[in-house]
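Values in this text are rule-based calculations from the coordinates and carry no lab data. On a predicted model such as this, the values are computed, not experimentally measured, just so you know. All Cβ positions, even for glycine, are placed from backbone atoms using ideal geometry, and neighbour counts span all protein chains on display.
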Amino acid sequence: MRRTLLALLGAIGLVLVTALPANAYEPVNVVHTERVQVGPYGMTVGFSTWPIRALQSLDFTFAPDGGVDDKSGTLTTVGATGSVSRAAPLARHPRKRDVWGLDVKSLKTSGDWTFRFAITGPQGSGVGELKNLQVLEQPGPPMALSWSISSVPLIALVGFLGFVWRRTRPRLRPSAA
């Protein structure tokens, strides 16, 4: 009876300890900001990495003056090649809940990007743009070279397993009759 009670208390304690909120990720560290006027609303756009490089993941934060509680908004990105994304609703950043944001997002190509915002709130609706957001070339070696180098261990493993399989499979021997 005593063991059962101790095991039950241990299980309950384990559930309670693991149910507490975890600080698995660091808070968003904004290192650069830009101001955008979106109709009657001023907004601060924050970046966790500066300068921005293509294909490099970073956090974007969008903080309208007066907070996000009584407002809704959308974000449309216009790429350097002229590609336009569809308007996505602005949602709270998963690690910085008091602002809107994008978590670990990357921009696909280098060049000048435009972020187009539309906000609706108690002062009405407004549209504004953050133009000429300079995105530099991707960091590191070209993508094809990176994939080629990273696939070498997999190819070596497949070759090794094939060699071992051929060496260890049972040989068919004629039965002595």
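What the table below lists for this structure:
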item: Selected residue (only one of Thr114, Thr81, Thr109 is surrounded by fewer than 17 Cβ atoms within 10 Å (Cβ to Cβ), of a type outside the set (A, V, I, L, M) and touching a residue at least 40 places away in the same chain (Cβ under 8 Å)); result: Thr109
item: Residue match in the stretch 91-103 (condition: more than 14 Å from Val45 (Cβ to Cβ) and touching a Ser or Thr at 6+ places or on another chain (Cβ under 8 Å)); result: no
item: Matching residues in the stretch 70-100 - criterion: being within 17 Å of Gly126 (Cβ to Cβ) and not basic (Lys, Arg); result: Asp70, Ser72, Gly73, Thr74, Leu75, Thr76, Ala87, Pro89, Leu90, Trp100
item: Number of positions in the stretch 123-173 that are within 29 Å of Val78 (Cβ to Cβ) and among the hydroxyl-bearing types (Ser, Thr, Tyr); result: 2
item: Given (1) under 19 Å from the mean Cα position of the chain (by Cα); (2) loosely packed, with under 14 Cβ neighbours inside 10 Å; (3) of a type outside the set (Asp, Glu), index of the condition Arg95 fails; result: (2)
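Yes/no matrix, rows are residues, columns are (1) closer than 30 Å to Lys71 by Cβ; (2) among the acidic types (Asp, Glu); (3) in contact with a Phe, Trp or Tyr (Cβ under 8 Å, 6 or more places away or on another chain):
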site	(1), (2), (3)
Asp103	yes, yes, no
Gly111	no, no, no
Gly121	yes, no, yes
Leu130	yes, no, yes
Pro139	no, no, no
Trp147	no, no, no
Ala156	no, no, no
